[in-house]
Amino acid sequence: MRIVLLGPPGAGKGTQAQKLAEKLGIPHISTGDLFRDNISKATELGLEAKKYLDSGDLVPATLTNRLVDDRLNDADAADGFILDGFPRSVEQAEALKDMLAARNTTLDAVLEFRVSEQELLDRLKSRGRADDTEDVILNRMKVYRDETAPLLDYYQAELKTVDAIGSLDEVFARALRVLGR
Ligand code: ADP
């Protein structure tokens, strides 16, 4: 299956993506993790991306799209993947459509993890990642509202919404149910 996960920062996408990937036997591709990995290894891409992660802004499309396109070339992604954190804008969604078309394929499902803003703030503040300070969190939420939320309409036809308030296992069970697994 080829699946995209949508949802605001703090919705628990990463954790659920990991569990879904294990269950479905497909790789979990997180652009945030790929950027952080590049930053910790001080690659050229990491050096360029760091200032955007530090401020909570989107890394420019040219860098991000190339990162994903390269990752989709890896053998483990040939038969399916869970994309977590990409696409994050309509522009990226168009780029993804082209990447999939070039591989003669399309998405099977888009899952939206839905959580209230207050719950998100509480969760993020207790997570403590380097970019989880209040200013940066508020900026990431604004970027989500402005850039990413329009994807809920863009993917209207394939969108399945999961209530992401509850225990990890509860949310996981809901996600599997909407995927028909
Ligand atoms: P969260 O879901 O908590 O916002 P992520 O790990 O998904 O965390 O993303 C962290 C940061 O990585 C973002 O704030 C952004 O700077 C960068 N990033 C991740 N994915 C993308 C993307 N698709 N396009 C541009 N920037 C991205």
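The values are calculated or read from the model by the stated rules, or taken from the named source; none is laboratory data. Owing to the predicted nature of the structure, the values given are computational and were not obtained by experimental measurement. Heads up, the Cβs are rebuilt from the backbone with ideal geometry, glycines too, and the neighbour counts pull from every protein chain shown.
Could you run through the range 26-57 and say how many residues are in a helix (DSSP H, G or I) and more than 6 Å from the ligand (Cβ to nearest atom)?
The total comes to 17.
Here are some residues: ASP76, ASP84, ASP37, ASP54. Which one is within 28 Å of GLU22 (Cβ to Cβ) and over 16 Å from the mean Cα position of the chain (by Cα)?
After ruling out the rest, the residue left standing is ASP76.
So for the range 57-78 (the condition being at pLDDT 95 or above, farther than 21 Å from LYS13 by Cβ, exposed (fewer than 15 other Cβ atoms within 10 Å of the Cβ) and of a type in the set (Ser, Thr, Tyr)), does at least one residue qualify?
Scanning the range 57-78, I find no residue that is at pLDDT 95 or above, farther than 21 Å from LYS13 by Cβ, exposed (fewer than 15 other Cβ atoms within 10 Å of the Cβ) and of a type in the set (Ser, Thr, Tyr), so the answer is no.
Run ARG71 past the list (1) within 11 Å of the ligand (Cβ to nearest atom); (2) in a helix (DSSP H, G or I); (3) among the basic types (Lys, Arg) and report the number of the one that doesn't hold.
The failed condition is (1).
Table: residues versus (1) of a type in the set (Gly, Ala, Ser); (2) in contact with a helix residue (DSSP H, G or I) (Cβ under 8 Å, 6 or more places away or on another chain); (3) over 19 Å from ASP146 (Cα atoms).
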| residue | (1), (2), (3) |
| --- | --- |
| LYS41 | no, no, yes |
| GLY46 | yes, yes, yes |
| LEU58 | no, yes, no |
| THR64 | no, yes, no |
| LEU83 | no, yes, yes |
| LYS97 | no, no, yes |
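So which residues in the range 106-146 are of a type in the set (Val, Ile, Thr) and loosely packed, with under 14 Cβ neighbours inside 10 Å, if there are any at all? Spell out how you get there, then give the answer.
Our first condition is that a residue be of a type in the set (Val, Ile, Thr); within the range 106-146, this holds for 106, 110, 115, 133, 136-137, 143.
Within the range 106-146, THR106 is the sole residue that qualifies.
Tell me the residue from PRO60, PRO87 that is within 13 Å of the ligand (Cβ to nearest atom) and under 17 Å from LEU6 (Cα atoms), please.
PRO87
Is one or more of the residues making up the range 88-110 acidic (Asp, Glu), assigned to a strand (DSSP E or B) and either out of contact with any Cys (no Cβ under 7 Å at 6 or more places or on another chain) or in contact (Cβ under 8 Å) with a residue 40 or more places away in the chain (or both)?
no
Have a look at ALA93, ALA109 and point out the one that is over 22 Å from ASP131 (Cβ atoms), within 14 Å of the chain's Cα centre (by Cα), modelled with pLDDT of 95 or more and within 12 Å of the ligand (Cβ to nearest atom).
Selected residue: ALA93, the only one of ALA93, ALA109 that is over 22 Å from ASP131 (Cβ atoms), within 14 Å of the chain's Cα centre (by Cα), modelled with pLDDT of 95 or more and within 12 Å of the ligand (Cβ to nearest atom).
If you scan the range 2-46, which residues turn out to be under 28 Å from LYS142 (Cβ atoms), among the β-branched types (Val, Ile, Thr) and surrounded by 18 or more Cβ atoms within 10 Å (Cβ to Cβ)?
Passing the criteria: ILE3, VAL4, ILE29, THR31, ILE39.
Which of (1) buried (at least 16 other Cβ atoms within 10 Å of the Cβ); (2) touching a residue at least 24 places away in the same chain (Cβ under 8 Å); (3) not in a helix (DSSP H, G or I) is the odd one out, the single condition PHE172 does not satisfy?
With respect to (1) buried (at least 16 other Cβ atoms within 10 Å of the Cβ); (2) touching a residue at least 24 places away in the same chain (Cβ under 8 Å); (3) not in a helix (DSSP H, G or I), PHE172 is out only on (3).
Only one residue in VAL136, VAL162 is at negative phi, within 14 Å of the ligand (Cβ to nearest atom) and either assigned to a helix (DSSP H, G or I) or out of contact with any Cys (no Cβ under 6 Å at 6 or more places or on another chain) (or both), so which one is that?
From the options VAL136, VAL162, the qualifying one is VAL136.
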